[in-house]
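*Asks:* My questions all concern the structure below.
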Amino acid sequence: MLDEPWTLSPAVALRPEPFGALAYHFGNRKLSFLKRPELVTVVRGLGDHADVRAALLAAGVPEPQHASYVEALRGLAATDMIRPRTTSRETSSQVSSQTAGAPA
């Protein structure tokens, strides 16, 4: 996962909270708590970086902590809060605009 491009699902909204954020998926109605502000920064930045490792580094996550963040990201992926990007150049805003007009 570290060397793969990921992005926030276009069906997910993040609501800032004192502890981090709430992530709500409008498609499957799942709710997740992002309990660290750094994790919120990583999740928001996934679509703007070449891969997960770059998003972690940009958020200032020390390399020894990458494994625990990857574990959290895998949990978010399991509920479609985040998803793999089809290309490394595609940003989260491009995914959102492309999906918005797609038939259901």
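*Asks:* Only one of (1) more than 10 Å from the chain's Cα centre (by Cα); (2) among the hydrophobic types (A, V, I, L, M, F, W, C); (3) surrounded by 13 or more Cβ atoms within 10 Å (Cβ to Cβ) is not met by A78, so which one is it?
*Replies:* Result: A78 fails condition (3) only.
*Asks:* Which of the residues belonging to the stretch 60-86 are touching a residue at least 24 places away in the same chain (Cβ under 8 Å), farther than 22 Å from R29 by Cα and hydroxyl-bearing (S, T, Y)?
*Replies:* Filtering the stretch 60-86 for residues touching a residue at least 24 places away in the same chain (Cβ under 8 Å) gives 66, 69-70, 72-77, 79-85.
With farther than 22 Å from R29 by Cα added as a condition, the list becomes 66, 69-70.
Selection gives Y69 alone.
*Asks:* Does the stretch 24-38 include one or more residues that are of a type in the set (A, V, I, L, M) and closer than 19 Å to R85 by Cα? Show your work before the answer.
*Replies:* Restricting attention to the stretch 24-38, the residues satisfying the condition of being of a type in the set (A, V, I, L, M) are 31, 34.
The next check asks that each one be closer than 19 Å to R85 by Cα; those that pass are none.
Checked against the condition, which is being of a type in the set (A, V, I, L, M) and closer than 19 Å to R85 by Cα, the stretch 24-38 yields no hits at all.
Yes/no matrix, rows are residues, columns are (1) more than 9 Å from the chain's Cα centre (by Cα); (2) more than 12 Å from P5 (Cβ to Cβ); (3) loosely packed, with under 12 Cβ neighbours inside 10 Å:
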| site | (1), (2), (3) |
| --- | --- |
| R29 | yes, yes, yes |
| P37 | yes, yes, no |
| D48 | yes, no, no |
| A55 | yes, no, no |
| V70 | yes, yes, no |
| R74 | yes, yes, yes |
| R83 | no, no, no |
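*Asks:* Let me ask something else. Any residue at all in the stretch 66-77 that is assigned to a loop (DSSP other than H, G, I, E, B) and modelled with pLDDT of 95 or more?
*Replies:* To start, the set of residues in the stretch 66-77 that are assigned to a loop (DSSP other than H, G, I, E, B) comprises none.
No, there is no match, as no residue in the stretch 66-77 is assigned to a loop (DSSP other than H, G, I, E, B) and modelled with pLDDT of 95 or more.
The values are calculated or read from the model by the stated rules, or taken from the named source; none is laboratory data. Given the structure is predicted, the values throughout are model-derived calculations rather than measurements. All Cβ positions, glycine included, derive from the backbone under ideal geometry; neighbour counts span all protein chains shown.
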